[in-house]
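Below is one structure; the comments refer to it alone.
The values are calculated or read from the model by the stated rules, or taken from the named source; none is laboratory data. Treat the numbers as computed from the prediction; the structure is a model and nothing was measured. Note that each Cβ is placed from the backbone with ideal geometry, even for glycine, and that neighbours are counted across all protein chains shown.
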């Protein structure tokens, strides 16, 4: 009897093993703090424009001027080339000139409040060329919420 149970257990365990890789976890589809958004490019061609926003992070409270850490691939930026288009909520986009393919830029003119802030690469003619990277932020004006003691 014990041999039959052991043999049955061995068959069950053998049937449970597999050489298939474990499935990859599903995500919400929203970019994370440093996740990049891009479109695939055909082999042998210049890579598709890719924008990575390192900061601000999702849900961050930012004080003006706000620093934006960025990285760009497959797209020319700088004088006479493309730029970063920053759209606060449903407001008008703010044109931010980039000095190079990566670094930090300062944005001083944004409305106060909580909203989605969209970042996209744009050509000189204003056409956005890469999917927007979106962050939910709360913008406070310079010096707001200081919490000091006044006399």
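If you check residue 36 against the conditions, is it closer than 12 Å to residue 120 by Cα and either at pLDDT 95 or above or out of contact with any helix residue (DSSP H, G or I) (no Cβ under 8 Å at 6 or more places or on another chain) (or both)? Taking the combined requirement at face value, the residue satisfies it. In the set 74, 113, 126, 80, only one residue is out of contact with any helix residue (DSSP H, G or I) (no Cβ under 6 Å at 6 or more places or on another chain) and within 29 Å of residue 142 (Cα to Cα); that residue is 113.
Checked against the criterion of being modelled with pLDDT of 95 or more, surrounded by fewer than 11 Cβ atoms within 10 Å (Cβ to Cβ), touching a strand residue (DSSP E or B) at 6+ places or on another chain (Cβ under 8 Å) and within 18 Å of residue 62 (Cα to Cα), the range 76-94 has no qualifying residue. Is it true that residue 29 is loosely packed, with under 13 Cβ neighbours inside 10 Å, at pLDDT below 50 and under 30 Å from residue 140 (Cβ atoms)? For residue 29, the condition - loosely packed, with under 13 Cβ neighbours inside 10 Å, at pLDDT below 50 and under 30 Å from residue 140 (Cβ atoms) - is met.
Based on what the data block shows, is residue 99 touching a strand residue (DSSP E or B) at 6+ places or on another chain (Cβ under 9 Å) and either on the phi > 0 side of the Ramachandran plot or loosely packed, with under 12 Cβ neighbours inside 10 Å (or both)? Show your work before the answer.
Values: touching a strand residue (DSSP E or B) at 6+ places or on another chain (Cβ under 9 Å): yes; either on the phi > 0 side of the Ramachandran plot or loosely packed, with under 12 Cβ neighbours inside 10 Å (or both): yes.
Yes, satisfied.
Pairs meeting the criteria (first residue in the range 59-86 and without any contact (Cβ under 8 Å) to a residue 12 or more places away in the chain and on the phi < 0 side of the Ramachandran plot, second residue surrounded by 21 or more Cβ atoms within 10 Å (Cβ to Cβ) and part of a strand (DSSP E or B), beta carbons under 9 Å, at least 6 apart or on different chains) are 76/82.
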